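Note sheet for the following structure.
The values are calculated or read from the model by the stated rules, or taken from the named source; none is laboratory data. Computed from a prediction, not measured in an experiment: that's the story for all the values here. Positions of Cβ are generated from backbone atoms using ideal geometry, with glycine treated the same way; all protein chains shown enter the neighbour counts. Side chains are part of the model used for accessible areas, which takes the heavy atoms of the whole protein and leaves out ligands, DNA and RNA. Shrake-Rupley method; radii C 1.70, N 1.55, O 1.52, S 1.80 Å.
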Amino acid sequence: MKKKLLHLLLLTMILPMLLHAGTTGKIAGQVNDASTGEPLIGANIIVEESSLGAAADMTGSYRILNMPPGTYSLRATMIGYKAMIQQNVKVFTDLTTTIDFVLESSALEGEVVVVIAQEPAVKMDVTSTSFKMDSDHIEQLQVENLSGIIELQAGVVDGHFRGGRAGEVMYIIDGIPVNDSYSGENLFDIDSDIIQEVDVISGTFNAEHGQAMSGIVNIVTKEGQDYFSGKVALYAGDYLSSHDDIFLNIKDINPTAIMRLKGSLSGPIPLFGKSLSFSISGGHVRDDGSLYGQRIFQPSDRSYFSDDSTTNVFEATGDGEFVPMNPSYRTTLQGKLTLKASQRDKLNYTVFYEDETHRDFDRLFKYNPDGNYHHFSTSYQNALQYTHMFGENTFMNVNVSQANTDYSQYVYEDPQDTNYVPLEYLNANNSNGYSTGGMRMWHHYRTNKTTIIKSDLRSQISKSQTITIGALYKQVNLWLHEYQLYFGESDVLEIPSPKSSYNNSYEHNPIEISAFIQDKIELGEMIVNAGLRYDYFYPSGVVPEYFYDPAEAPKKKADPSSQLSPRVGIAYPISDQGVIHFSYGHFFQVPNYEHLYINPDFEVALVQLTGANPPRGGFNIMGNAELKPEKTVSYEIGLKQALTENLTIDITGYNKDIRDLIGQTTLRTTTGGKYWRYINRDYANVRGITVALEMMQRPGGFGFSIDYTFQSATGNASDPLDESKNQETDPPIQSEKKRRPLNWDQTHSLNLSTTTTQRGYHISLIGRLGSGTPYTRESPFSNNRILNGERKPMTLTFDLNVTKDLKFGGVGLAPFLKITNLFDRKNNKEVYKSTGSADYDNAMLFIDYRGYRTKEEWYIQPNYYDQVRRVTLGCSFIFDQRGK
C-alpha cells in the first residue's frame, strides 16, 4: 500500500508538468566588435528563412534554443556595423553548435559579409559514443533505409549493440518510441529520403531515454519547407551469383525479381503562406529473395516411405515451377504536416504506415513450397507534437501518439479451408528429408494498440546550465490468439478447445510510466550531463500461487515493478581540437511482453500433437508476468582528437555488466509433466575498445570512415529458451553456469565506408569484416562438448553505390547502380556443428536417409549463407523549386 501511495504521489507531482526531448539542438555564440573586441550588446542574430532568432546579452552572448536538426544560414546585424551572414551552419539534436560573430564597423547601410561556416571536426559537448548522420551524409553514402545506416555503426553485429541481446535497442521517431512491445522489434524501417537526422547511440545515454539496455536509435524526419521539392525513384534488379550448387535457380536471371518505386514531395500548403507545410514519402518494394524451391509436390499430395527407399511411393502433382521461398513485399507511407502558428507555437502531425508480407525459408518445403507459412503485418502510427516557446530560454514539447500493429501467420487464411490435410501428410517421412505433402497447421493472430503521452520542459536557466524535466505515459492493449488445426476422429478439420494447450488467447493492458530530470552544465570548457530517471511498470497479468499444479492453482495479480536509474556523462577538452569523455549509467528494460503472457492458462500437456512448435516459443513454456526488469550497468571512457582540419581519431573503451536477463527454470507437476517458466536468471558481461578514423568529405573531395572494434561478450546463456532446448535433447544437456562466449560474440570487427564526388559521379564503397562468431562443436567422433568453444569462419562483404547527376532544365536526373556483396563472397552465417562449416556435415555419414532426393542434397542449406550478390539499376527524377 505504501508503494502505491508513493507512486501516486510521484505521479501527482509529475503529471501537472506533463509538461520529449531529443529532436532539437541549440545554436550559441558570441558577438564582438572587430576593432576593440568589446561585446556588442543587443546585436540581432536571425536564422534566415525562419522566425527564430535571439539578441546578444550584456556579455555579447546569444543562444537560440529548439532548433530542428539541419543546415541553416545565420545573419548578425547591429546599427553602425556591416551585417554578417554565416552559411552552412549545421545543427544536431541534443548538441550545441557554436557560431561566433565579429562585426566590422561601417558608415554605409546594406554592407554584408558572407562566411561559409566549417563544421567542426570534433564536437566538444558529446559525452558518450554517438554516431550522428544528417541528410547530406546519408545522401553521400547512398544507403536506402534506416537499417542500412545502423549497420555502419561500430560495435553493431547483426542487430546486437555492443554485445547485448537482440531487442535491447529503443527506436524513436520524432520523439516517440516505435518498438513493438510484444517482440521488441522496430515497427518502421524508415526510408532515407525522409530522414533529416539519425542518431545511433551505442554507448550510455541520457536519462530522457528508457526501456533500452544497449542502444538508442533516434530519428528526426524532415519538415516541409516554403518551396516545393520532390523526388521519384524506380529501380529493378536480381540476385546474381555463380554458386548454383547451393542456390537453386540462381542462374535464371529475372530483371524484375527486385523492384521498387518510391516518391517524396515537400513544400508549402497553398493559401497559407509560410505557416503551413508538408513532407510526404511513400513507395512499394517487391523482393523475391535469393532462395528458391520447386513445386514438385502440392500440399494435398501424400507419399509413403519405408526403410527400403526403392519401395517409396510418391504422389507428385506439382507443376514444377520455381517458387521464391523468402520473398518480401512492403508498402510504406510516411508524412508530416507542420503548422507554424506563431513565432512561439508550432504543431507537427506525423503519420507512418507500413504493410508487409513475407515468407521465411524452410528447407523442409523446398519441393512443397506452398506448405509453409505466410506472414502478414500492418502497422500505422499517428502522432501530434506541440511546441511552445515561453521565451528565448524555455520551451515545452507535448507529444501524443497512437500506434496499431496487426500481425497474422498461417498457410491458408480460412481455418476451414478445404486445402488443409491431416498432419500425417507432412510427417510421412518423420521429417527425415524434404516434405512431399502437407502443411503447417498453426494460425497466429496478434494486435497491439499503443497510446503514448510524452512531454518535456527544457530551460536554459543560466548561460552555463540547461535543465530538462519530462514524463511519459504509455498504455498497450495487447490481444493474441493462436491455435493448431487438427483432424478429429471423423476426419473433420477442427480448432482445438479453448482449454487445450493448442488453443491460446489472451488480452492484457500493461502500463508504463516514467519521469526524468536531465541537467547539462557547461563549466567553462567542461560539459557535465547528469540525470535521474524513474520507471514504473504495471504488468496487468496474473501468476499462480504455487507451481506443482499451475493450471489449477489460485491466481494472484502480478506485482508492479519500479526503478531509479542515475546517469552521468562528462566531456573535457584537452585542446581546441581534442576532448576526453566519460559516461556511466544504470539502464533497465521491461522484458518483451511475449515472455510475460505466453501460455495464459498455465497448462502443461503430457502428450503433444505432432507438428511444428507454436510460432513464438515452444510447448509447455510458461510466461511470468512478475518478471523483473533486465538491468545493465555500463560505463565508457574515450578520446576524440582532430589530426587535421578534416581528419579525426576516436578511441573508446567500454564495459557492461548485465543482470536479470530472461532465462528459464525447469519445473514438474505432481503428475510428472515437465515445463519451463521464464525467470530472471541469466547474466552477461561485455567489454571492448573501438578505434575509429574519420575524414569528412568536403565538396568535390574524398571522405572515409574506418573503425575497428575488439570486443568480448560472455554470459551463461544467449537465448531465453536455452534451458528448454537443452532439456529436450536426448540425453538432456546441463545448462551452463559460468560465462561463455555469446552466440554473437565477434572478437574483431572492421567497418569501412568511403565517399567521393567527381565530375557529377557520387561513389560510395562500404566494407565490413568480422571474425567468426562462436558455435558449439558436436562431433559424432567425440563427446567433448564445450559451449561456444569453436569459431565460425570470418565474414567479408563490400557494397558499391554509384550515382550520376544530370540536369535537364529544372529537373534533375540521377541514374544509379547499387551492388551488395560486390564480390559474391560465400559468407557462412550458420555452420554444421560437426565441421564448423556451412558446406558439409560429418553427421550425415551416420544418418540413414529415407526422404525424397538424396542425402547429400538434404544437407545443402542455402540459408546458412549470407545474401549473395544483389544488383539493382535505377533512376531518380528530382525537382527543386529553388533550382538547386
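A few points about this structure:
- Note, ³J(HN,Hα) from phi for segment 100-105, Karplus 6.51, -1.76, 1.60, rounded to Hz, x at Gly and Pro: 9, 10, 10, 9, 9, 5
- At 1.306 mPa s and 10 °C, Stokes diffusion of segment 652-765 via Kirkwood alpha-carbon radius, µm² per second: 89 µm²/s
- In the context of the full set of protein chains, residues of the chain present 43 Å² of accessible surface per residue (probe radius 1.4 Å, heavy atoms only).
- Candidate lysines for bridging to Lys826, where Cα separation is under 27 Å - those fewer than 8 sequence places away on the same chain excluded: Lys251, Lys366, Lys792, Lys818, Lys855
- Leading residue at positive end of dipole, segment 757-884 (Cβ point charges), from Ala843, Met794, Gly809: Gly809
- Across Ser505, Ser202, Ser540, the residue with the most accessible area heads the list, and the full order at a 1.4 Å probe is Ser505, Ser540, Ser202.
- Placing +1 on the Cβ of every Lys and Arg and -1 on the Cβ of every Asp and Glu, with no other charges, gives segment 282-352 a dipole of roughly 1140 debye about its Cα centre.
- Three principal axis extents describe the C-alpha atoms of segment 189-253; from largest down they are 53, 41, 14 Å.
- Each Lys and Arg contributes +1 and each Asp and Glu -1, all at the Cβ; summed about the Cα centre of the chain, the dipole is approximately 1460 debye.
- Phi-derived couplings, Karplus 6.51 cos²θ - 1.76 cosθ + 1.60 at θ = phi - 60°, listed residue by residue for segment 851-865: x, 6, 6, 9, 4, 4, 5, 4, 8, 9, 10, x, 6, 7, 10 Hz, with x used for Gly and Pro.
- Greater than 26 Å apart at Cα, pairs in Lys82/Lys640; Lys474/Lys557; Lys336/Lys454; Lys631/Lys833; Lys628/Lys725: Lys82/Lys640; Lys631/Lys833
- One decimal place: the segment Asn427-Thr357 gains 22.5 nm when fully extended, by the rule 0.36 nm per residue minus the C-alpha distance.
- Nearest-0.05 FRET efficiency for Asp57 and Arg659, computed from C-beta distance (R0 35 Å): 0.15
- Sulfur and carbon atoms: percent of accessible area, the chain [1.4 Å]: 56 percent
- Take the Cβ atoms of Glu139 and His748, set R0 to 30 Å, and the FRET efficiency comes out at 0.45.
- Amide H contacts of Asp417 (H built 1.01 Å from N, in plane; Pro and chain starts excluded): no residue 5 or more places away or on another chain comes under 5 Å.
- Gyration tensor (alpha-carbon) shape descriptor, segment 135-264, a/c threshold 1.5: oblate
- Considering helices alone, the calculated mean residue ellipticity of the chain at 222 nm is -1000 deg cm²/dmol, with DSSP H runs of length four and up weighted by -39500 (n - 2.57) and normalised per residue.
- HN-Hα J in Hz across segment 321-331 - Karplus 6.51, -1.76, 1.60, θ = phi - 60°, x for Gly and Pro: 6, 7, 10, x, 10, 9, x, 8, 9, 9, 10
- At R0 = 30 Å, FRET efficiency that the Cβ-Cβ distance of Ile649 and Leu796 yields, to 0.05: 0.80
- Pairwise centroid distance, computed over Cα atoms, of segment 256-308 with segment 474-550, Å: 30 Å
- Magnitude of the charge dipole, segment 366-482, Cβ model with Lys/Arg +1 and Asp/Glu -1, debye to 20: 660 debye
- Point-to-point label distance, Ala166-Arg785, nm (Cα→Cβ direction, 7 Å offset): 2.3 nm
- Summarising the amide proton neighbourhood of Gly541: residues at separation of 5 or more, or on other chains, whose placed amide H is nearer than 5 Å comprise Ala558.
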